[in-house]
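Some notes on the structure that comes next.
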Amino acid sequence: MSQAAAPPEAWERIADIPPEQATLTVTAPADAGSRVRLVVVDSDGVPSFGKIVFVVDPDRALRRMAPTQSQAPTTRPPDLFADPRLAERFLGDLETLRTGLTPTPAGVSASSSAGGAVTTAPLDGDEDDWERYLDECAGRVGHPLTRFALGLPLPTDISTPFQDLLPVSWDERFIDDIEAALDDDNAEAVAAEHDPEAAGAEASGTATLPDLRQADQEVRRRYRRWVERLVALAPHLGPPERMLVVRLTLWTVAAGAWPPAHTDWLPLLSRAVRALNRNDLPERIEPQVGSLAAVALAVLRSHAPRYEITPETIAFNEASQAVDRLLPAVDSAYVTEYTTLLDTAFGPAVGPAAVLDVASDVVQNDPLADAVWSLAEKGRDVHRHGRLVLHVTGRFSNPALVALEAVGAAEDASLVGAWADSASDSGGGAWALVVWRRPDLIVVDARRPIPLWRHYRLTGLVGPRALAAQRGFESAASVPHGPRNQPFELAHQVLSDLGLVGPRPPQCEP
């Protein structure tokens, strides 16, 4: 036998057939494309070589195209935006693919999402099942779109078929007889024509994001409706198709299907991201799924204020909670691939570093880190002291309200404190410390030389954020502890839990 990776003249003996034996079964490891032949040695020791037979992959050899099945599509992502009719035919292909999903065997639970419920079989148990599923997917939507969904670069030569050929070191010694050439071709011209690096450079120089902004209103409306139908279909599809829906949604938004001031697409993107997390995800594609989810979350985050609760904030929160378990698998290489061409529409929000920061924030789930971002969005100069305390500096007449605002930004923390310090260089300015440990809110107000200590108990839906929005403490229930110029026992306790020896803010370097 001559292994596929070995030169054709390299042969090895794998078995001997005893004399007078007509048949023999031999088991030997071999890749598809390996060469096998029978050698017969006569009584004089002269060998006779039989015909060469090639090893084939039986799974691939026995699977043949049905007479009614057409050739796999070669549609590429930009093609879908050049003709809305092609985009709608692609949607029909996804509908057809949905009907061919493998039913869930007994004992496998169904998963649900906002768009509906669907049951599918896990695809991670058998390598052959996953490869077969990808083949079926590529047969329906085409290899280019399948690779686009999985974050794999597309070949620059569309005439080259998508094949998984075993690379061998000796292949360069051979040429294809069927390759045509012109009379004036030379070796340098042919080599340059087939140089993948040169072709890649040429393709990267001309790659652009589809632009729907110049299309008429009816065409843009059709693409918006197209995305709505894609997102509605996503929960019923398999992993690669759900990833494809997310990526096409991002491209459609970036292409300008929606007017710049419209944010109707944010809930659609959130729903598409939430559909990514299902119990049928093979472990081998979690880096791709997590990376794509991180890119989409970065786009949602850039439109969602952190301090106020808006529909945009809700869309981000719902999506991040759905895919948070996938984000530890984020891979920067896939992030780079998934953000390709999106920076023209979304700017620095989809820079690889920004995407990784958003993923890290979601994974860590640190309310104080989120609070720093929220307060910075509101123009506050804020930083952290250790794990549990925020420090806001600036010029303000009522430091207690500013400290309350900071605590409200981190009210989901089990314990948090915040200083608001309008101290001058001499250290004689007003300051306040607010500490929140549900349901107790403790305020140390030092607008006067002697600080005043207050204790409020917040019940029901009222929290520090709501009090800060009301710009006062009037709606909070006050808990008396005697003279207000003296700290009480609970105040000493929470200061100790925060790691503070006293309520006064530290002098921080500018």
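The values are calculated or read from the model by the stated rules, or taken from the named source; none is laboratory data. Worth saying up front: this structure is predicted, and the values here are computed from it rather than measured. Quick reminder, even Gly has a Cβ in these numbers, built from the backbone with ideal geometry, and neighbours come from all protein chains shown. Side chains included, ligands, DNA and RNA excluded: accessible areas come from the protein's heavy atoms. Shrake-Rupley method; radii C 1.70, N 1.55, O 1.52, S 1.80 Å.
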- Query: Given (1) at pLDDT below 85; (2) open to solvent by 70 Å² or more (accessible area, probe 1.4 Å); (3) in a helix (DSSP H, G or I); (4) among the charged types (D, E, K, R), where does residue 64 come up short, assuming only one miss?
  - Reply: (3)
- helices (runs of 4 or more DSSP H) contained in the range 348-439 and holding at least 2 residues at pLDDT below 85: 352-364, 367-377
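Do you know which of the residues in the range 200-238 that are under 17 Å from the mean Cα position of the chain (by Cα) and at pLDDT 90 or above is surrounded by the most Cβ atoms within 10 Å (Cβ to Cβ)?
234
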- Taking the range 448-461 and keeping residues in contact with a strand residue (DSSP E or B) (Cβ under 9 Å, 6 or more places away or on another chain) and at pLDDT below 85 leaves 459
- Query: How many residues does the range 120-148 contain that are closer than 15 Å to residue 281 by Cα, in a loop (DSSP other than H, G, I, E, B) and either modelled with pLDDT of 75 or more or open to solvent by less than 70 Å² (accessible area, probe 1.4 Å) (or both)?
  - Reply: 6
- Message: Filter the range 359-368 down to the residues that are open to solvent by 20 Å² or more (accessible area, probe 1.4 Å) and not acidic (Asp, Glu) and list them by number.
- Response: 360, 362, 363, 364, 365, 367
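This table checks each residue for (1) part of a helix (DSSP H, G or I); (2) in contact (Cβ under 8 Å) with a residue 60 or more places away in the chain; (3) among the aromatic types (Phe, Trp, Tyr).
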| residue | (1), (2), (3) |
| --- | --- |
| 254 | yes, yes, no |
| 258 | no, no, yes |
| 261 | no, no, no |
| 267 | yes, no, no |
| 280 | no, yes, no |
| 285 | yes, yes, no |
| 289 | yes, no, no |
| 298 | yes, yes, no |
| 304 | no, no, no |
- Message: Can you confirm whether residue 326 is within 12 Å of the chain's Cα centre (by Cα) and either modelled with pLDDT of 90 or more or of a type in the set (A, V, I, L, M) (or both)?
- Response: yes
- Can you tell me which residues in the range 269-310 are open to solvent by 20 Å² or more (accessible area, probe 1.4 Å) and under 30 Å from residue 378 (Cα atoms)? 271, 274, 301, 302, 303, 305, 306, 307, 308, 309, 310
- Query: Of the residues that make up the range 487-501, is at least one in contact (Cβ under 8 Å) with a residue 40 or more places away in the chain, assigned to a strand (DSSP E or B) and surrounded by 12 or more Cβ atoms within 10 Å (Cβ to Cβ)?
  - Reply: no
